[in-house]
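One structure is given below, encoded as structure tokens.
The values are calculated or read from the model by the stated rules, or taken from the named source; none is laboratory data. From a predicted model like this one, the values you see are computed outputs, not experimental measurements. Cβ placement follows ideal geometry from the backbone for every residue including glycine, while neighbour counts extend to all protein chains displayed.
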Amino acid sequence: MEFVKPGTKIDFLGIRSFAFGLSGLVIAAGIVSIILHGGLNYGIDFAGGTLVQVKFLEPTQVETIKENLASIGLDRSLVQRFGEKGENEYLIRVEKSVSDLEDLSGQIEGTLQEAYGKSGVEIRRTEMVGPKVGKDLRKKGILAIVYALIGILIYITWRFEFIFAVGAVIALAHDVIITVGAFSIANKEFTLPIVAAILTIIGYSLNDTIVVYDRIRENRRKARREPFAKIMNSSINETLSRTILTSLTTLIVVVILFIFGGGVIHDFAFALMVGVLVGTYSSIFVASPIILTWQQRK
Amino acid sequence: MSRNLRWKLLLIIFITAVALIYLVPSVVGKIPGLLGRILPQDKIHLGLDLQGGMHLVLEVEAQKAVESYMERIKGDLKDDLKRKRIYAPIIERINGDQLSLEVLGEKEKFDEFIEDNYPVLIEIAAEDRGKYHKVILGIEKKQADFLKRYAVDQALETIRNRVDQFGVAEPDISPQGSDRILIQLPGIKDPQRALRLIGRTALLEFKLVDDEHSLQEALKGRVPEGDIILYQRRENQETGRVSKVPFLLKEKTLMTGEVLKDARVQFGDLNEPYVTLELDPRGAKMFDRITGQNVKKRLAIILDNNVYSAPEIRERISGGRAQITGIFSLDEARDLVIVLRAGALPAPVKILENRSVGPSLGKDLIDKGVKSIIIGGILVVLFMVTYYKISGAIADLALILNLILIMGALAGLRATLTLPGIAGIILTIGMAVDANVLIFERIREELRLGKTPRAAIDGGYSKAFLTIMDANVTTLIAAVVLFQFGTGPVKGFAVTLSIGIVASLFTALFVSRIVFEVILAKRKLKRVSI
């Protein structure tokens, strides 16, 4: 079986202005969304706060839960269904984090037990993150991404050329920004596992980009006289089959994860799904074309 | 088959066998008898998010230790100055850790006295105001730093003791940064109770009740000099309503929990629990003196600023025993004994982060994770066979081996498997086939150029090698950064991803190659099924 017939010659570089325009548009959409939402929708990992995951024995409503929480002044907390409908699981999120021993999750547990009976509710998970820790984690998350990019920049400069490293890092930044933007557009919470997902996307997309670069390096050695643009185009075409296949196998598992992984993993898989698609796109349409555009300008 | 090839095959079998042996405890459970003792016994260690438990980050408010030290100095200084006839009628603690004094008379005499007797104090400001000198004293930075460091060390030790007595299997209590403590308690059933036990300061104090002044007047805001008001918290067992009873106490602390030797739960006539305290010899002597000097007065027993009881001293007590009564449940009495035995925290702690996961949630997550791995794995395996035929089956073999190696390495390295870690394994499935895809595409290219099967396979592997290395090393860079910066669950993800990358390099570059070699050695291939 072959998805991409040998000898395929698509002029990827010829449509690079169009590709750059498309990328710019998507990036702009994400940034506009982030601005309209007043920043990223940080989960409690980064914003601080208290989160309680409760499983009820009997079906209940978000409104009923809120009414019950009103007695301890938490009626303004965020209550949302979690997981599938039949599971009767809800997330209760309160902005406040209380650092003394009169902890909020204990109060929530007590109030709900009063309303639903002691065996009617099960507290499955509670998380409290103080504002100080939230800030620390935010800093660490950004640093992690920056250090990863620097490490990659150095490695590619060593293995290829500096200009290739720049192209790769631009492609990666492109992927990260679009994924973060997609999170904002879908109004999903930005949490610690999402940072892990983004770093994975960096690793993955880079994988793709390196394969193409590797082929360019090889083809350039073989035919020194050919124009750079032509070498680049044939290299992208030659690796196209592999690019699509790997994206496909990775996508298969990520989609499975998205469907069967359950609540916590759900958003993580969403980030990976976006990232794999964007990463594949960028290794074809961004990473190499940007090098060409850069060199022609000079 | 060449000798070289046979050795390589043996190596693969050996590595697979080792991985499988490490997996035995996780899959089958403990094996009885001699065999069980020879084989490794570590199961794959599950993270708190998967097995349930509590993850706490506390901050020791070390500055408070410095402040209470200055508070003690203030008391001593007052007495000493009086004895030396240096008149400083007003001494106050200001800005947390400074003392403000109004010194009457000769300032030189005062300075000399401080220098000789309180070398840790330094003069921050002094002002001649005619009638008196206004002096601000601070604490030497070295001493303050020492106190802070000591407070954190001591808090760590105390919390360790409390957790040990509470009885948690495999707790992990470690310092983090300069003033933080990380506590991991796997499988804990009642996180609320554990939190109260760990986080409370448990400062036990004995103070006299001031019966000479009116409590009513004091409550109106006219608290007599040297007195304080503290409350007794009473909870009605039936209605759960909390009431507070005020007490007017002498501020001076006569004795603290430092002199405690042991504490025990006892039961009274109505089977109500109470706590008996046994004092060490120094404490017994102190208690003997205190009770002897204050017969007919009431002695309040205070824990963390909450008055537990204030019985009247009927006679001198010399046995070194005291008791705390008060209305509490058996659990409360037991926890009280634990904190009293372990001693007080030198400074209060603040909870920065608290994550608890119930055991049922973890089981759910594992089930879903395993289900995803199986479904995703099967789909990828089927896809590879459809697309690459027999070669695809070889890649599948490498993939399955890859999974076995990852799990075996997790058990062998005693790494922790977390929920994102499971996600990492699933992702590895997707990416592990990538190396084989790269090789197979190369082999196809070589075949198209009209090369023989042997040459095409050799060419495919050697040309893809560098690409695969470059691609994986860069992913590994991301994984290592993740490990450095991540906490708990994210670290788990980095671990499985890194192991997965290394394992897939081995299976794709080495194992699948050997399988091809074996096939090539066995028969003369006319064409490659790819």
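Looking at this structure, is A:Asn207 at positive phi and either at the interface with chain B (Cβ under 10 Å from one of its Cβ atoms) or under 18 Å from the mean Cα position of the chain (by Cα) (or both)?
So A:Asn207 does not fit the description; no.
Taking segment A:17-46 on its own, how many of its residues are touching a Leu at 6+ places or on another chain (Cβ under 9 Å) and modelled with pLDDT under 90?
4
Do we have any residue at all in segment B:111-121 that's within 30 Å of B:Gln176 (Cα to Cα) and hydrophobic (A, V, I, L, M, F, W, C)?
Scanning segment B:111-121 turns up at least one residue that is within 30 Å of B:Gln176 (Cα to Cα) and hydrophobic (A, V, I, L, M, F, W, C).
Can you name the residue in segment B:251-290 that is within 33 Å of the chain's Cα centre (by Cα), loosely packed, with under 14 Cβ neighbours inside 10 Å and acidic (Asp, Glu) and is also modelled with the highest pLDDT among such residues?
Ranking the qualifying residues of segment B:251-290, first place goes to B:Asp262.
Check whether at least one residue in segment B:458-466 is farther than 30 Å from B:Ile366 by Cβ and facing chain A (nearest Cβ under 7 Å), and report yes or no.
Yes, segment B:458-466 has at least one match.
Could you list, in sequence order, all residues of segment B:467-484 that are among the hydrophobic types (A, V, I, L, M, F, W, C) and more than 7 Å from chain A (Cβ to nearest Cβ)?
B:Ile468, B:Met469, B:Leu476, B:Val480, B:Phe483
Okay, residues lined up against (1) in a strand (DSSP E or B); (2) over 30 Å from B:Leu352 (Cβ atoms); (3) out of contact with any helix residue (DSSP H, G or I) (no Cβ under 7 Å at 6 or more places or on another chain):
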{"position": "B:Ala202", "(1), (2), (3)": "no, no, no"}
{"position": "B:Asp211", "(1), (2), (3)": "no, yes, yes"}
{"position": "B:Ile229", "(1), (2), (3)": "yes, yes, no"}
{"position": "B:Gln266", "(1), (2), (3)": "yes, yes, yes"}
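Farther than 30 Å from B:Glu157 by Cα, at the interface with chain A (Cβ under 8 Å from one of its Cβ atoms) and among the polar types (S, T, N, Q): is that true of B:Ser356 in this structure?
No, not satisfied.
So for segment B:456-472 (the condition being free of Cβ contacts under 8 Å to residues at least 40 places away in the same chain and either assigned to a loop (DSSP other than H, G, I, E, B) or among the hydroxyl-bearing types (Ser, Thr, Tyr) (or both)), does at least one residue qualify?
yes
Please determine, by comparing only the residues of segment B:485-512 that are free of Cβ contacts under 8 Å to residues at least 60 places away in the same chain and not β-branched (Val, Ile, Thr), which one is nearest to the other protein chains (Cβ to nearest Cβ).
B:Phe485
For segment A:216-238, give me the residue count where each residue is under 12 Å from A:Lys9 (Cα atoms) and part of a loop (DSSP other than H, G, I, E, B).
0
So how many residues does segment B:104-133 have that are assigned to a strand (DSSP E or B), closer than 18 Å to B:Met70 by Cα and touching a residue at least 12 places away in the same chain (Cβ under 8 Å)?
Total meeting the criteria: 4.
Here is a check on your reading of the model: is B:Leu345 in a loop (DSSP other than H, G, I, E, B), touching a residue at least 40 places away in the same chain (Cβ under 8 Å), in contact with a helix residue (DSSP H, G or I) (Cβ under 9 Å, 6 or more places away or on another chain) and within 14 Å of another protein chain (Cβ to nearest Cβ)?
yes
Working carefully through the options A:Gly130, A:Gly141, find the one that is surrounded by 15 or more Cβ atoms within 10 Å (Cβ to Cβ) and touching a helix residue (DSSP H, G or I) at 6+ places or on another chain (Cβ under 8 Å).
Going through A:Gly130, A:Gly141 in turn, just one is surrounded by 15 or more Cβ atoms within 10 Å (Cβ to Cβ) and touching a helix residue (DSSP H, G or I) at 6+ places or on another chain (Cβ under 8 Å): A:Gly141.
Checking the conditions here, which among B:Leu248, B:Leu195 is assigned by TED's automatic domain parsing to the domain that holds B:Glu332 and either surrounded by 14 or more Cβ atoms within 10 Å (Cβ to Cβ) or of a type in the set (A, V, I, L, M, F, W, C) (or both)?
So the residue among B:Leu248, B:Leu195 that is assigned by TED's automatic domain parsing to the domain that holds B:Glu332 and either surrounded by 14 or more Cβ atoms within 10 Å (Cβ to Cβ) or of a type in the set (A, V, I, L, M, F, W, C) (or both) is B:Leu248.
Please verify whether A:Asp214 is among the charged types (D, E, K, R), over 29 Å from A:Gly141 (Cα atoms) and buried (at least 23 other Cβ atoms within 10 Å of the Cβ), treating the condition exactly as stated.
yes
Are there any pairs, at least 6 apart or on different chains, whose C-beta atoms fall under 6 Å, with the first in segment A:235-257 and more than 7 Å from every other protein chain (Cβ to nearest Cβ) and the second surrounded by fewer than 21 Cβ atoms within 10 Å (Cβ to Cβ) and of a type outside the set (A, V, I, L, M, F, W, C), and if so, which?
Final answer for the pair search is A:Ser235/A:Asn219; A:Asn237/A:Thr8; A:Asn237/A:Lys9.
Of all residues in segment B:353-383, which are touching a strand residue (DSSP E or B) at 6+ places or on another chain (Cβ under 9 Å) and over 18 Å from A:Phe260 (Cα atoms)?
B:Glu353, B:Asn354, B:Arg355, B:Ser356, B:Val357, B:Gly358, B:Pro359
Return a yes/no flag: does segment B:406-417 have any residue that is closer than 24 Å to A:Leu245 by Cα and either of a type in the set (Gly, Ala, Ser) or more than 7 Å from chain A (Cβ to nearest Cβ) (or both).
Yes, segment B:406-417 contains a residue that is closer than 24 Å to A:Leu245 by Cα and either of a type in the set (Gly, Ala, Ser) or more than 7 Å from chain A (Cβ to nearest Cβ) (or both).
Filter segment A:144-156 down to residues that are more than 7 Å from chain B (Cβ to nearest Cβ) and either on the phi > 0 side of the Ramachandran plot or buried (at least 16 other Cβ atoms within 10 Å of the Cβ) (or both), then give me how many there are.
The qualifying residues number 4.
One line per residue, one yes/no per condition, for (1) outside the structural domain of B:Arg334 (by TED's automatic domain parsing); (2) aromatic (Phe, Trp, Tyr); (3) surrounded by fewer than 14 Cβ atoms within 10 Å (Cβ to Cβ):
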residue	(1), (2), (3)
B:Lys131	yes, no, yes
B:Ile136	yes, no, no
B:Val152	yes, no, no
B:Asn161	yes, no, no
B:Phe166	yes, yes, no
B:Ser174	yes, no, yes
B:Arg180	yes, no, no
B:Leu185	yes, no, no
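If the requirement is being polar (S, T, N, Q), out of contact with any strand residue (DSSP E or B) (no Cβ under 9 Å at 6 or more places or on another chain) and within 8 Å of another protein chain (Cβ to nearest Cβ), which of these qualifies: B:Thr452, B:Thr428, B:Thr386?
B:Thr386
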